[in-house]
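Remarks on the structure that follows.
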Amino acid sequence: MNKLNENFQTVLKSYDTKKSPRKSSLIAPWLGIERTPSGMSQKIGNYIEDLLALDMGDQNKLLQTDYKTKRNFMITYDGSDHQIDMLAKPSNWNKYVHREIKTNTDLDAGKKRDTRSREKVICAWMKSQGFEYDSGIFCPFFYNKGKNVSGLGWVDGLQWYIDTFNPSWTIQDFKDLGRNPETHFLLGLK
């Protein structure tokens, strides 16, 4: 056996190779497919952000950010630019709602830290604007009110969105959207 093979076997023996791999996406089950094609998860995440912003109508306050690139709403705080995923003012609230939208919460420690860091900067920006606000993280593929995620804390789910923004659709409608043949066609899956 050559040294390369020997070293690799040594490495493999130090891991639990029977352990299931981390789930790469919550989008694939929503679409009813085994795995999303490379690069598709991020695109669908962007589509979902835009869908929710459109769905909120007048409750959407992303236009109150500092500027917009081709697709992203941005703020500048303390010399750095940051994208804001969701900024809204629900019709029955007296404060703004900010959420970092995550379509995958199975992130490594660095990405979780970056998410929390970005949220803190956006909170500082909202405070500097004089906004009263509620901030957090939201995953539309958690179909309940939400859950605690290690390294992220509480992550709101789709039921939270429905309770907060009162859309004309249900959780089942959202699930059906992912399985819809027209959705698959428009995404190039068929």
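Neighbour counting of Cβ atoms within 10 Å sorts the residues Asp106, Asp16, Asp50, fewest neighbours leading, into Asp16, Asp50, Asp106. Under the convention that each Lys and Arg Cβ holds +1 and each Asp and Glu Cβ holds -1, the size of the dipole of the chain around its Cα centre is about 660 debye. Amide H contacts for Ile137 (H built 1.01 Å from N in the peptide plane; partners 5 or more residues away or on another chain; cut-off under 5 Å): Glu100, Asp156. In the chain, the calculated helix contribution to ellipticity at 222 nm averages -12000 deg cm²/dmol per residue, counting -39,500 (n - 2.57) for every DSSP H run with n ≥ 4. Going through (1) 137; (2) 145; (3) 173, the figure that equals volume of the Cα convex hull per residue in Å³ as computed for the structure here is (3). Projecting the Cα atoms of Trp154, Pro90, Leu63 onto the dipole axis of region 43-156, where Lys and Arg carry +1 and Asp and Glu carry -1 at the beta carbon, places Trp154 farthest toward the positive end.
With both residues required to sit in the chain, DSSP beta bridges show an antiparallel share near 65%.
No value in this document is a laboratory result; all are computed from the given coordinates. Bear in mind that the values here come from a model prediction, so they are computed numbers and not experimental data. A quick note on method: Cβ atoms are made from the backbone with ideal geometry, for glycine too, and the neighbour counts reach across all protein chains shown.
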